[in-house]
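Novice: Pasting a structure here, questions to come.
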């Protein structure tokens, strides 16, 4: 198994599990998780990466296009994760007593890890 698959799957898992973490804490509403804070769409571009990682080796002619598509999907997820990080910081700063929590940072870390795995998929070395 190519190491890029494990790195990619780990990143998607971290990003998905981070949606259950609180994104911000607001005085009136309490903690807001990734689903209530609308961070869940980050999983839309990450979902194909799971499929690419689980399908395994592709014929030689398809390896490069799939790797490029994986990088494009993970970059889209990274852009969305950064936007949600900025959104969470703005929401916490707009309300007195509001605080940003670990959720946006964990989503960002998961997408960065998925991007690293996607970039590693260009390597043909195994092990």
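Novice: How far, in degrees from 0 to 90, does helix 103-120 lean away from the longest principal axis of the Cα atoms of the chain, to the nearest 10?
Specialist: It works out to around 10 degrees.
Novice: What residues of the stretch 40-54 lie in the reach of a label at residue 79, counting those whose backbone N is under 19 Å from a point 7 Å from the Cα along Cα→Cβ?
Specialist: Answer for this model: 40-49.
Novice: Give me the angle, in degrees from 0 to 90, between the Cα long axis of helix 60-94 and the longest principal axis of the Cα atoms of the chain, rounded to the nearest 10.
Specialist: 10 degrees
Novice: Could you order peptides 44-55, 4-15 by the average number of other Cβ atoms within 10 Å of their residues, highest first?
Specialist: Going by the mean number of other Cβ atoms within 10 Å, highest first, we get 4-15, 44-55.
Novice: Find how much the distance from residue 102 to residue 66 grows on full extension, using 0.36 nm per residue of separation minus their present alpha carbon separation; answer in nm with one decimal.
Specialist: Working: separation 36, 0.36 × 36 = 12.96 nm, distance 3.21 nm.
Fully extending the segment from residue 102 to residue 66 adds 9.7 nm.
Novice: Residues of the stretch 1-30 with backbone nitrogen within less than 20 Å of a virtual label 7 Å along the Cα-to-Cβ line of residue 40, please, listed as ranges.
Specialist: Residues 12-26, 29-30 qualify, since their backbone N sits under 20 Å from the label point.
Novice: Which whole-number percentage describes the relative contact order of the stretch 3-120, with Cα contacts under 8 Å and a sequence gap of 6 or more?
Specialist: This gives 47 percent for the stretch 3-120.
Novice: As I understand it, the value is the acute angle between the Cα axis of helix 3-17 and the longest principal axis of the Cα atoms of the chain; what does it come to in degrees, rounded to 10?
Specialist: Roughly 20 degrees between the two axes.
Rule-based calculations on the coordinates, nothing more; no lab input. Predicted model, so just to flag it, every value in this text is computed and none were measured. Here the Cβ is made from the backbone with ideal geometry for all residues, glycine too, and neighbour counts use every protein chain on show.
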